[in-house]
Amino acid sequence: MRRCRPFRKFRIFSLLTASLLTALSATTQGDDEVQPAKHALTVPTAAVPSAGASSAEEESTVQGDDPTKTRVTLEVKRILGLLGDDHGGDAAGEQIHVLFDPEAEDTARLEAADELEKTVGSLDMADRVQRSTAAQLHRRIRLVRAAVQALQASSADDDLRALVNDLALRAAVDFENTGRGDHAAIVRRRYDQLRQQYPAVYAKLNPVLLDDYMNYNLHFVLSEPMLSRLVTDFRTDSGNVADCILGAWVTGCQVTDTMVRADVKPSSGTASFQLIVDGKTRSDTQGRKDPATVYTHGDHSFTITKPTYFDGERITTGTGCIDVNARNQTVGLRTDYDRIPILRGIVRKIAWKEVQKKHGESQAIAARKLADQALPAFEREVGQKFDEANRNFQTNLLQKLRDKDLAPETYSARSSETHYAVSSRTMPAAHLAAPNPPYLEPPRRGVAVQMHESVLNTTIDSLGIGGEMAPTELITKIEKSLSEFLDRKVSLMDESAPPDDKTLFVFADSDPIRVRFDEGQVVFILRTGFRQTERNRVIPPHVFEIPVGIELSDGHLHLIAPDTSTRGILGLYYTAIEGRTNVQARVIAKQLLEKTFKEPRTKIDGNLEINSADNRKLRLRVTKFEITDGWVTSVLQ
C-alpha cells in the first residue's frame, strides 16, 4: 500500500522562501547610503505537553517588544480592519482594550468579554473573513475570561496577576500575530510555573490552552473511495491442478482473479478499515477413477476480509477470514466401456450416480482447498507489506523527523463509515501549536490536508538559521533538509542566476524567518540585516513582512505578487528591530519584490500524480485551497 505524500505545499513554500532570500541578498549591492552597525543582535484536545523551562527568574522579554498598550492597540487596529464598520466599530475596539488591560477591574473585563461575544454572534459565518475573525475573537475571549475567573477564585496577589495577564497577552496577541518562538517560550514558562506553583489557576486555564494553543496542527482526512484507490490491486494468477480427491486423480488448470479494496469502519480510538479481497476462480479439470473420467468446470467466488488499524504511528491487523462459494458443474463423462453398446449405458448410469452422490462432498472439498490456498497466501503477503510499511514509516520518516526534533509527539486517529482521519501535533518543548482547524466538509472522493503555520515554523527552526550566512549557504541548508526528508535530491537554486554571496544575511538568533497564514495569503516575516563584505557596510536589522497571495483558479494555484507600486511599498510593513527605522529598508523591500516576482501572477500546476498499490498512476487535482486563521487547507480529488 502506497501512501500519498502531501508535501507539495512544503516545496512551494521552500521555493518561495529561497527566491525571496536570493533576491533580498541581491538588493543591497551598490547602495551608498547604508548605515554602520550600532547593535549586535541577541537572541481533538491534545495530550498535556511535557514541561519545559520553568524558572521564574528567566528573562521574559522579547527583543523589539512594544509596551503592552501599544501591542494591544495594534491588535485592535487589526481586528477592526477585519470586522469592518458594520460590526462593533469603535465600541469593539474599546472592549478589546479593556479585555487585555491588566489594570482594569475584573468585572469590567468580563463585561467586555460578554459584549465581544455579542459581536461574534452578529458575524456572518458564511463569509470566510468574518468566520475567521469570529474564531480569533472567540479564542481571545475564552482565554481572558478563564484567566480573570481563575484570578477571582484564587484571591490572586499582584505577582500572580502579572504572570497570568502576561501569559494571556503573549498567547492571544503576540504569538497568534507573529508565531514567534520567543513568545511561545515565555508562554510555556508561565504555563509550567502555574502548574507547579498555582495548581488551582492552572486547572482553569489548562483546558483553554490545550484547545486553542496546544492542539493538533496537522490533519489528514481520506475518503473511502480514495483509500480504496490507493490500496487497490487487481491481479490474475493461473496454475495447474494435480491432486487426489475422493480417490480420483484430478488434473487440469485454474485461473484466479482478485481485486483488493477498502471498507472504512467506525472507530474512535484508531482509524479502522477492512481490507477486502474479492476473488473469482475458474477451473477446468478431469478426474480419473477407473473405469470413468469426469470433466468438471468450476466457477468459485470468495471474499477475504482483514481488519486493519492505524493509530498514527503504526499499522496493525486482526486475523483475516474467508467466505467461499464453491460451484462445480459436471460438463462431461467418459468411461472405458463407451464403445461397448451393451455395457455403455449401464456403466455411465452407475458413474453418473456416483458423481451426483459425491457432488456435495466435492463442493466442500473444493471450498476448503480454495480457502487453504487463498487465506494463508493473503495473510502472508499483507503481513509482509504492512511490516515493510511500518518499517519505512518508522525508520525513513519518523526517525528523520526525530533527528531534527520534528517528530509529532502525539497522534489522534479515528474513522467513520465513510472517512479515515489522522491528526498529529508537532510541538517541541518551549513551543506552542494550534487551535482547532476551520470546519471542512469531508471530501467525497479525495483527500484533505489541513496544516497550521506552527508546523512550518517549527520546521524552519530545525534548519539552524541564525547569525551571518551567505545566500548560498542558506539555500543549501534548505535543500539538504528537504532532500533528507523526501529521500531525493531537491534543488531550489536557479543555476542561471546564482545568489550573490558578496552580501551576507545577519539573521536574528531567534525567529529569523517566520511564516504566517493570513486571510488568502502567506506572509513571510524576515528578521535580518545585511553586511556587504567588499565595502564592510551594514544595513541594520529590520523586520520585513512580505505578503504573497495564493488562490485557486481554473484548477491551478496562482501566486500573487505583493504590490510594488509606490503606494504598495509605503504600505508594506517593515520596522527596525533596534534603533531607528532605516529608509533604505523601503528600497530593499521594493527591489526584493521586483527581483522575486517577475510577473504579477505565477501559475503552479494544480495536478499531482501518486502511485497506487498496483503501480497505477493516480492523478489528483486540487479542488479547494484556502488560507485562513493560521491554517492552509487543501483538498485533492
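Is at least one residue of region 308-320 exposed (fewer than 14 other Cβ atoms within 10 Å of the Cβ) and in a loop (DSSP other than H, G, I, E, B)?
Looking through region 308-320, at least one residue is exposed (fewer than 14 other Cβ atoms within 10 Å of the Cβ) and in a loop (DSSP other than H, G, I, E, B).
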Just for region 534-549: of the residues that are surrounded by fewer than 18 Cβ atoms within 10 Å (Cβ to Cβ) and at pLDDT below 80, which one is nearest to THR178 (Cα to Cα)? ASN536
What number of residues in region 487-508 are of a type in the set (A, V, I, L, M, F, W, C) and at pLDDT below 70? 4
Cβ-Cβ under 8 Å pairs, at least 6 apart or on other chains, region 144-165 side among the basic types (Lys, Arg), far side assigned to a helix (DSSP H, G or I): ARG145/LEU110; ARG145/ALA113; ARG161/LEU151
Failed condition for ILE478, given (1) buried (at least 20 other Cβ atoms within 10 Å of the Cβ); (2) at pLDDT 85 or above: (2)
For residues in region 544-563 being touching a helix residue (DSSP H, G or I) at 6+ places or on another chain (Cβ under 9 Å) and in a strand (DSSP E or B), which is nearest to PRO437 (Cα to Cα)? ILE550
Can you find a residue that is in the same structural domain as LEU123 (by TED's automatic domain parsing) and either modelled with pLDDT under 85 or on the phi > 0 side of the Ramachandran plot (or both) anywhere in region 92-106? no
Please determine whether any residue of region 326-348 is part of a strand (DSSP E or B), among the aliphatic types (A, V, I, L, M) and closer than 16 Å to ASP290 by Cβ. yes
Scope region 260-276; condition within 17 Å of VAL324 (Cα to Cα) and touching a Lys or Arg at 6+ places or on another chain (Cβ under 8 Å); matching residues: LEU275, ILE276
Would you mind stating whether THR296 is of a type in the set (Val, Ile, Thr), over 23 Å from LYS265 (Cβ atoms) and either modelled with pLDDT of 90 or more or loosely packed, with under 15 Cβ neighbours inside 10 Å (or both)? yes
So ASN215, is it out of contact with any helix residue (DSSP H, G or I) (no Cβ under 7 Å at 6 or more places or on another chain), polar (S, T, N, Q) and farther than 30 Å from ALA168 by Cβ: no
Run down ARG128, ARG140, ARG190 and say which single residue is within 30 Å of the chain's Cα centre (by Cα), within 18 Å of TRP631 (Cβ to Cβ) and buried (at least 17 other Cβ atoms within 10 Å of the Cβ). ARG140
Residues being farther than 25 Å from GLY279 by Cβ, outside any strand (DSSP E or B) and over 27 Å from the mean Cα position of the chain (by Cα) - total across region 219-269: 1
Output the residue which, of all residues in region 442-467 that are surrounded by fewer than 15 Cβ atoms within 10 Å (Cβ to Cβ) and under 18 Å from THR528 (Cβ atoms), is modelled with the lowest pLDDT. GLY464
Examine region 220-231 for a residue that is among the basic types (Lys, Arg), touching a strand residue (DSSP E or B) at 6+ places or on another chain (Cβ under 9 Å) and surrounded by fewer than 19 Cβ atoms within 10 Å (Cβ to Cβ), and state whether such a residue exists. no
Has region 509-521 got at least one residue that is more than 20 Å from the chain's Cα centre (by Cα), of a type in the set (Gly, Ala, Ser), modelled with pLDDT under 90 and surrounded by fewer than 18 Cβ atoms within 10 Å (Cβ to Cβ)? yes
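Please verify whether ALA589 is under 21 Å from PHE517 (Cα atoms), crowded, with 18+ Cβ neighbours inside 10 Å and at pLDDT below 65, treating the condition exactly as stated.
So ALA589 passes the test.
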In the set ARG288, ARG235, ARG229, which member is basic (Lys, Arg) and closer than 30 Å to THR459 by Cβ? ARG229
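Suppose we filter region 389-428 for residues that are of a type in the set (S, T, N, Q) and surrounded by fewer than 16 Cβ atoms within 10 Å (Cβ to Cβ); how many remain?
7
The values are calculated or read from the model by the stated rules, or taken from the named source; none is laboratory data. These numbers were taken from a predicted model, which means no experiment stands behind them. In this analysis, Cβ positions are derived from the backbone assuming ideal geometry, glycine residues included, and neighbour counts consider all displayed protein chains.
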